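**Student:** I have a structure I would like to understand better, so I am pasting it below and will then ask my questions one at a time.
The values are calculated or read from the model by the stated rules, or taken from the named source; none is laboratory data. None of the values given here were measured: they were computed from a predicted structure. Every residue, glycine as well, gets a Cβ built from its backbone with ideal geometry; the counts of neighbours run over all protein chains shown. Note: areas computed on protein heavy atoms with side chains; ligands, DNA, RNA excluded. Shrake-Rupley method; radii C 1.70, N 1.55, O 1.52, S 1.80 Å.
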Amino acid sequence: MSEIEIALAQLFLKKGKSSLTEKEFVFAASLDLRWFVPKEAQKFLDISLESDLLSMDGDKVRPTFNYKNVDIPKG
């Protein structure tokens, strides 16, 4: 499992949703989790889409892998 997959899994698990709008994703990564500033969170989303770890379904972003089975390290 890559670090990006772990981060994505944690984000979706914390939000408790299997899909998010682009705005919700950026908000979660930047303001909720405080991982990035909004511009960096958008870049994280773009990289995840380009890497086929996320897909766009209409206006929703969805993981392309089973994020519920990812072991998230503590800390």
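**Student:** Give the number of residues within segment 60-75 that are exposed (fewer than 11 other Cβ atoms within 10 Å of the Cβ) and assigned to a loop (DSSP other than H, G, I, E, B). Please lay out each step first, then the result.
**Tutor:** Here is the first cut: in segment 60-75, the residues exposed (fewer than 11 other Cβ atoms within 10 Å of the Cβ) are 66, 68-69, 71, 73-75.
From what's left, assigned to a loop (DSSP other than H, G, I, E, B): 66, 71, 73-75.
Summing the residues that are exposed (fewer than 11 other Cβ atoms within 10 Å of the Cβ) and assigned to a loop (DSSP other than H, G, I, E, B) in segment 60-75 gives 5.
**Student:** I would also like to ask the following. Tell me which residues, restricted to segment 28-54, are touching an Asp or Glu at 6+ places or on another chain (Cβ under 7 Å) and in a loop (DSSP other than H, G, I, E, B). Can you show your working first?
**Tutor:** Here is the first cut: in segment 28-54, the residues touching an Asp or Glu at 6+ places or on another chain (Cβ under 7 Å) are 45, 53.
Selection gives LEU53 alone.
**Student:** Are any residues in segment 5-23 open to solvent by 60 Å² or more (accessible area, probe 1.4 Å) and in a helix (DSSP H, G or I), and if so, which ones?
**Tutor:** Taking segment 5-23 first, the residues open to solvent by 60 Å² or more (accessible area, probe 1.4 Å) are 13-18, 22-23.
Residues satisfying the conditions are LEU13, LYS14, LYS15, GLU22, LYS23.
**Student:** Find all pairs meeting these conditions: Cβ atoms under 7 angstrom apart; at least six residues apart or on different chains; first residue within segment 37-48 and more than 16 Å from GLU5 (Cβ to Cβ); second residue β-branched (Val, Ile, Thr) and open to solvent by less than 70 Å² (accessible area, probe 1.4 Å).
**Tutor:** PRO38/VAL26; ALA41/VAL26; GLN42/VAL26
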